[in-house]
1. Once you put a point 7 Å from the Cα of residue 435 and another 7 Å from the Cα of residue 308, both along the Cβ direction, what distance in nm separates them?
2. Mind scanning 297/318; 46/385; 237/364; 318/496; 218/367 and naming the pairs with a C-alpha gap bigger than 31 Å?
3. Would you mind calculating the relative contact order of the range 40-137 from Cα pairs under 8 angstrom and at least 6 residues apart, reporting the percent as a whole number?
4. Can you order the peptides 237-250, 105-118 by their average number of other Cβ atoms within 10 Å per residue, highest first?
5. What accessible area per residue, rounded to a whole number of Å², is obtained for the range 167-305 using a probe radius of 1.4 Å?
6. Antiparallel DSSP bridges in the range 66-154: what percent, to the nearest 5?
7. When only C-alpha pairs under 8 Å and at least 6 residues apart count, what is the relative contact order of the range 206-334, in percent?
8. Carbon and sulfur together cover what percent of the accessible area of the range 190-334 at a 1.4 Å probe radius?
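The values are calculated or read from the model by the stated rules, or taken from the named source; none is laboratory data. Since this is a predicted model, take the numbers as computed values, not measurements. Heads up, the Cβs are rebuilt from the backbone with ideal geometry, glycines too, and the neighbour counts pull from every protein chain shown. These area figures cover heavy atoms from the full protein model, side chains too; ligands, DNA and RNA do not enter into them. Shrake-Rupley method; radii C 1.70, N 1.55, O 1.52, S 1.80 Å.
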Amino acid sequence: MAALNVIHSSDINSDNDSSISDDNQSDDNRNDFTNVILREHNVICKYYNTSSFNNLNSCCNNDFSIFHHNSRSLNQNFNDITTFISLLRTDFTIIGFSETWLNDNISPLISMDGYTLIEQHRGDRRGGGVCMFVKNTLHFKHRHDLSAFNRSIESLFIEITTPHDKIKNIIGVIYRPPNGSMEDFDLHLQIILNDITQRNMKSYIMGDYNIDLSDKRKSTGFLRTIHSHGFVPTITKPTRISDTSATLIDNIITNVTSTIASGIFITDLSDHLPIFTKVSSMTNTRKSPTKVRNYCKNNIQQFISQMADCNWDVVLNKQEVNSAYNSFYNKLNLIYDKCFPYYLRTERKKRKKKHPWITKGILKSIKKKDRLFKRSMKNPAYRNKLNHVIRVSKRMYFNNKFYNAKHDSKSTWVAINEIMNRRSNQSSCPTSFQNNGRTITNDADIADDFNDFFINLCPSLASKINSSKRYSAFMHSNPNDKSIFIYPVSEDKILKVASTCLKPNKAAGYDDFKPEAVEKLYTSIDNSNTCVGVFLDLSKAFDTINHTILLGSLLLC
């Protein structure tokens, strides 16, 4: 069988580069020029299952990564595809699909959490269609001038913009209908590649080209076109395998010269195998360590103990409130710094489980299914049984969720939105702003313009007010000595307000005191519930009225 001749166990489990053993699919069948180009671009391509892919040390979320799959009906296979992607320990930057078979009614129902969907589908006939899920953290725009959609080529292109990168990044997905004109396709492809090359842009173009690169006779023209524009294919092994054939028709071509790791996933999502490629971060940067305090339980207990043992006489003997508070703050700060020292921590984003109904047992069965698929490439019985188990598990998960939320309308709607994949899109800050006809991209200039706008906002609005009567004259002509009344404040009131504000799960304030630690002060300070100080700066609270009139009104209360 062709499938057994193409994929060996060493292709997945060994660190050595896998090979295609079938004589008709060997590397020798590619032209020599292609082999030289691949070596120069350091292209490494292997077969992977979920386990071998997740074991890659270099597979991290800081890499720029692309996933592509010919889904042959994205709507029908969407649950299986998203389940498979959720098992991979990486968040792909771009996820592309060809042969989506979407339409105006289905497209609004397709969504992935954390991604923005951009798609193009046929309007006059069934089949075809392309789409991309773009990570919400990316700033991009649709390149309509590069996107072509006709009977010879179906394509979709976006331009990723970064505020500090002068080189634009073009990402595209292409589907070539097998019955379309090869001449027309080549012409459209040349127009696209010419534009990218002339503008000196980095580019990745994924898709199902329906051109078998393992067949030297059929692929010569295509390879000549992409090579002449500095592009190379990153997938070098068959991607559509059956009992009688193995063809390399799905690919991701690029003009990036960095070391590229690419591969093919062994899974039965459709008759095409999913492919991926990844390269060192293009738009993402690895976060530097942050300086944080150590709030472990031992440090909190040490803080409580030292606060209780501290001699507060120097604070209690002060007659002036500000002086007492300064002494108290200085003592507190010294103890706080001693008990909660700083250390450097590298933030690691916790990976959220995307499909809670995928239990450990189901995960084990999925891995077994992949092993069986790798051996025979055809296991409909086990696959169908596993799909049934997954559907039952998902149904039970949401049944329990609705049962637990039967008296809570908010939780009910959360469950409904989860079923329909309706998640609130996380908006990100734009990389440029328009001000008086100027396009501003520099961070410092953007901050200065915002600062100038808000500083001059009130004077600008005030200058437009047509009033003959001045504010001071209005205040003197309308005296009201009982317009403000301040109720007496008790110690219990202060403690009650402080206790409601100091929520342990809140972040530290400007003084860097974390509420979780500060709330312990209630049991540490003297048992007489002494009130250290109350501060009311009237000049800041009422900085738009006549202070003389205000103070006079307060004295009469």
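1. 5.5
2. Details: 297/318 33 Å; 46/385 29 Å; 237/364 27 Å; 318/496 25 Å; 218/367 36 Å.
Cα-Cα > 31 Å for 297/318; 218/367; rest within.
3. On the way: 139 pairs, mean separation 26.0, N = 98.
Computed value for the range 40-137: 27 percent relative contact order.
4. Working: 237-250: 20.0, 105-118: 15.6.
Ranking the peptides 237-250, 105-118 by packing returns 237-250, 105-118.
5. On the way: 5600 Å² over 139 residues.
Here the per-residue accessible area is 40 Å².
6. Numbers: 12 of 17 bridges.
Counting DSSP beta bridges with both partners in the range 66-154, the antiparallel share is about 70 percent.
7. 17
8. Working: 2980 of 6570 Å².
Whole-percent figure for carbon plus sulfur exposure: 45.
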